[in-house]
Every structure is written in structure tokens, then in C-alpha cells.
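Okay, so here's the structure we're looking at.
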Amino acid sequence: MLNQLIARCVVNALQPINGPVISRLAGLVRTLETDAFTKGVVSRFPIPVDAAEADCSVSGVAFPDLVPTETERLIVYFEDGGSVNNSGKWTSKLRLVGWGNSTLFEDTPPDVLVPMLIARISKLLRTVQGADPVGSLRCEVTGSPAAGVNLFGNYTYSQTRSQYLFYPYVSFGLDLTLTFVLNDDCLDSLIGADAAIC
């Protein structure tokens, strides 16, 4: 997936605040449908695209979900908005989703927390750099969708999880447009492996 690589480049640009501000930083996500929380009731929630089933995760389920708890300061992940090619110049759309607990930020009034987070993240997004074969990567924040429950419309959460959609928890989204080229000078190193013979 092309946007998986693009999201990884954006994640790299956010590394300076991964830890002190962001408690869980994921790349591109996919939706997992499971009845692990309530048998017979299917829940849909985001997990990293490259997530593999684990013996145990923070939430105690088989996959590492990206749903906050009272101990998560800020979770950031990316949703795929697709890519288009216009004569060799690519445009990708990603949505950055941030979701966290305002009580875990010191000396920051809740009403200014989200604008401060958006300003800090937006500044770092201007430093995004490509990784082979992506070149000339540029990132522009083109909008911010309405926050709150509607931001998570693709997902369903149990009542115990949906409490994290309301104060003191905060959420925001940033719509990103990324332009880049795919360098073809690295194609010489692309060699297929022999197929397994049964």
C-alpha cells in the first residue's frame, strides 16, 4: 500500500514529540471487526495496518488497538484517503487522528490543548521527508474535521470505551494532502525471489 509508506514518512516527522507528548504513535490503520469485547456484538476499531496478532496487548485483546484509556496521554494514527497519479506526480490523502486525555498534560488549560497540539504537529509536518522510492515529499494540512463522536464514525466502541469520547478526553483530526514522486532510479535493485515449489 502506497499510503502505508507515506504515513511512515509522516510518523518519522512526528518523532520529536513521540514520548513527551504522544504516548502511542501508529502509522496507517485498518479497521478490525471483532466480538472480543462482547460475545455476539461486533465492534469495529482501528489497528495498525502492519499489526500482527499478539499474545497480549495493553487492552488484553489479541490485537493492539488504538483506543485510549485513562492512562493514555495522546494516541495518533492515520486513516487512508487514497492516492492519485497525475503524470508522475502523486497526491495522497491521509487523515491524522489524535485522541487523548487532557488531564495528563501539565499546566495546559483544556480549551487551548487541542489548538496547541495542532500547532505543534502542523509545524513538524512541514519537515516531512520521503524515503526511497518516495521523493520530493510535501505535506499540507488542508482542514480539520469536526471533533468528537463524528470523528470516529467508522468505528464502534462498547459503552466502557465510548466514555473516552467526552471531557476530559480530547480528539481532533487533520486532513493532510501529500504530494510526491516515485523515483524509478531504484528499480535496478528490485529483484524477485524464487517462488516456493511444493
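The values are calculated or read from the model by the stated rules, or taken from the named source; none is laboratory data. As the structure is a computational prediction, the values presented were derived from the model and not from experiment. Glycine gets a Cβ as well: all are built from the backbone with ideal geometry, and neighbour counts include every protein chain shown.
Quick notes on this structure:
- Qualifying residue in segment 21-36 (condition: part of a loop (DSSP other than H, G, I, E, B), modelled with pLDDT of 75 or more and either in contact with a strand residue (DSSP E or B) (Cβ under 7 Å, 6 or more places away or on another chain) or closer than 27 Å to L104 by Cβ (or both)): yes
- Looking across segment 41-58 at every residue that is at pLDDT 50 or above, over 18 Å from the mean Cα position of the chain (by Cα) and part of a loop (DSSP other than H, G, I, E, B), the one that is farthest from V29 (Cα to Cα) is identified as A54.
- Condition met for S102 (surrounded by 14 or more Cβ atoms within 10 Å (Cβ to Cβ), of a type in the set (S, T, Y) and at pLDDT below 95): yes
- Subset of segment 116-153 (residues that are assigned to a helix (DSSP H, G or I), farther than 13 Å from C9 by Cβ and modelled with pLDDT of 95 or more): M116, L117, I118, A119, R120, I121, S122, K123
- For segment 76-103, the tally of residues that are of a type in the set (A, V, I, L, M) and out of contact with any Leu (no Cβ under 8 Å at 6 or more places or on another chain) stands at 1.
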